[in-house]
Amino acid sequence: MGAGRARLLREIKSTSSLATAAKNMGMSYRHAWGIIQHMEEICGEKLVKSKRGGSGFGETQLTSAGERFLSEFENKSSALNEAYEKSFEKPGLTTDGILLMDNKILLVMRKHEPFKGMHALPGGFVEYGERLEDCVVREVKEETGLKVKVERLFGVFSDPGRDPRGHIVSAVFILSPDGGQLSDSDETIATWFPLNNLPKLAFDHSRIVADYLKGLKKGR
């Protein structure tokens, strides 16, 4: 049974009329009845029943077999659609940058959710066809007004629960200054914070910064 035949059974169930079901689907009564007969020949069971005469004149309903066939089709279709949608689910990809200067680190306060009002490392989503290194340079410029150079990759952070928007992986880069002036954006307020007086950060950025500073102390 395909989607069209399933819809015919669904229309019969909701309207209690084969004639109305056929009309709703833009087909003749004879064509609709022929489809039902063909389905019944294939499955070997009656799928609809009609009452002719009395108060139920002209009423058509699904039999228990028709109800079962329709239910099985919808359950299987739902499962297939869910599997199809999941096959396209992929983690999102972002970059974040660590920039230190004069014993201070560059952070941005978020103006929007998630974590509105909290600070984070500057960064954002990678655009299609964009290199990770180019993304972090672009995002830092957009969010802080500063130009930066990429020194090296610090790490990749991929915990599925690190971002409330979904599974988002971040490549974090160590940066060096390359000009520009500190400024705000529509989404962020840029600030230099002393390393010994850091606020609680959004996402898992407190952990990222802590790991980086731990590495600095060990000379890495």
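The values are calculated or read from the model by the stated rules, or taken from the named source; none is laboratory data. All figures in this text were calculated on a predicted structure; none of them were measured in a lab. Positions of Cβ are generated from backbone atoms using ideal geometry, with glycine treated the same way; all protein chains shown enter the neighbour counts.
Miscellaneous remarks
- Residue within segment 199-218 that is in the same structural domain as MET101 (by TED's automatic domain parsing), at negative phi, more than 23 Å from the chain's Cα centre (by Cα) and β-branched (Val, Ile, Thr) present: yes
- Which listed residue, of GLU67, GLU74, GLU82, is part of a helix (DSSP H, G or I) and without any contact (Cβ under 8 Å) to a residue 24 or more places away in the chain: GLU82
- When each of ARG165, ARG138, ARG131 is tested for being modelled with pLDDT under 95, in the same structural domain as LEU198 (by TED's automatic domain parsing) and farther than 23 Å from LYS214 by Cβ, the lone residue that passes is ARG165.
- Listed by first and then second residue, the pairs linking a residue in segment 29-40 that is under 17 Å from LYS13 (Cβ atoms) to a residue that is in a helix (DSSP H, G or I) and among the basic types (Lys, Arg), with Cβ atoms under 7 Å apart and 6 or more places separating them unless they lie on different chains, are ILE35/ARG5; MET39/ARG5.
- Looking only at residues of segment 116-129 that are under 24 Å from the mean Cα position of the chain (by Cα) and in contact (Cβ under 8 Å) with a residue 24 or more places away in the chain, we find that the one that is surrounded by the fewest Cβ atoms within 10 Å (Cβ to Cβ) is PHE125.
- Candidates GLU113, GLU151 - the one that is closer than 22 Å to THR191 by Cβ, loosely packed, with under 14 Cβ neighbours inside 10 Å, touching a residue at least 12 places away in the same chain (Cβ under 8 Å) and out of contact with any Asp or Glu (no Cβ under 9 Å at 6 or more places or on another chain): GLU151
- Residue that is nearest to ASP159 (Cα to Cα), among those in segment 201-216 that are in a helix (DSSP H, G or I) and without any contact (Cβ under 8 Å) to a residue 60 or more places away in the chain: ARG207
- Residues of segment 84-104 that turn out to be in contact with a Phe, Trp or Tyr (Cβ under 8 Å, 6 or more places away or on another chain) and either closer than 14 Å to VAL156 by Cβ or buried (at least 19 other Cβ atoms within 10 Å of the Cβ) (or both), as a count: 7
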